[in-house]
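Each value in this text was obtained by applying a stated rule to the coordinates, not by laboratory testing. Predicted, not measured: the structure shown is a model, and the values here were computed from it. Glycine also receives a Cβ, built like all others from the backbone with ideal geometry; neighbour counts cover every protein chain displayed.
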Amino acid sequence: MEFKDRLKLERANKGLSQSALAKLVGVHVTNISRYERGENKPTSEVLTKLANALTISADYLMNGSIDENAAQSISDKVLLDQFRKVEQLPEPKKKLVKEFLDAFIMKADLQKKLAV
């Protein structure tokens, strides 16, 4: 999902028209329309006002949620599901999984260097 889609979705979720959001933010309604069509991006000042008006973070508005970013970055869906499950573990167990992954990656890197 892109900025334009999140903006439109969050505006609709709040029950605001483009005109109402424009008034809250202090921009012309055509700006909101252009943002939602993906023709323009707001300045950082306007982005902050949009986020405040929609009671969401500017980071979410621009970049999406952690889950959206992870789903776009990790193509292996089984691995992504495993990471989500690990995230729910108690902190000591999460630490153990991280240490295991670090050791496994270090070993793989070392093997790769020795093979060259």
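Quick one: angle between helix 3-13 and the longest Cα principal axis of the chain, in degrees between 0 and 90, rounded to 10, please.
Long axis of 3-13 versus the principal axis of the chain: about 60 degrees.
Using only Cα atoms, find the angle between the long axis of helix 91-115 and the longest principal axis of the chain, and express it within 0 to 90 degrees, rounded to the nearest 10.
So the helix axis and the longest Cα principal axis differ by about 70 degrees.
Cross-link partners among lysines for residue 107, C-alpha distance below 26 Å, same-chain residues fewer than 8 apart left out?
Within the straight-line limit of under 26 Å, residue 107 reaches these lysines: 77, 85, 93, 94, 95, 98.
Please compute the net charge surrounding residue 34, taking Lys and Arg as +1 and Asp and Glu as -1 over other residues with Cβ under 13 Å from its Cβ.
My count for the surroundings of residue 34 gives +2.
Could you calculate the FRET efficiency of residue 60 with residue 104 from 1/(1 + (r/R0)^6), where r is the beta carbon distance between them and R0 is 35 Å, rounded to 0.05?
0.60
Quick check on the chain: helices-only [θ] at 222 nm, where DSSP H runs of length 4 and up contribute -39,500 (n - 2.57) each and the sum goes over total residues. Nearest 500, please.
-23500 deg cm²/dmol
Considering only 58, 103, 12, give the residue with the highest GNM mean-square fluctuation for the chain, with springs between Cα atoms whenever their separation is below 10 Å.
Checking each option, the largest mean-square fluctuation is seen for 103.
Compare 105, 56, 32 in a GNM of the chain, Cα atoms joined below 10 Å, and give the one with the largest fluctuation.
So, out of 105, 56, 32, the one fluctuating most is 105.
P(r) for the chain: what percent of alpha-carbon pairs falls in each 5 Å bin, starting at zero?
Going out from 0 Å in 5 Å bins, the chain shows 2, 10, 16, 15, 11, 9, 9, 9, 8, 6, 3, 2, 0 percent.
Fewest Cβ neighbours within 10 Å first, please rank 87, 36 accordingly. Working shown, then result.
Numbers: 87 11, 36 19.
Fewest-to-most Cβ neighbours within 10 Å comes out as 87, 36.
What is the helix-to-structure angle for 44-54, meaning the angle in degrees between its Cα long axis and the longest Cα principal axis of the chain, kept from 0 to 90 and rounded to the nearest 10?
80 degrees
Given points 7 Å out from each Cα along the Cα-Cβ axis, report the residue 111 to residue 30 separation in nanometres with one decimal.
6.1 nm
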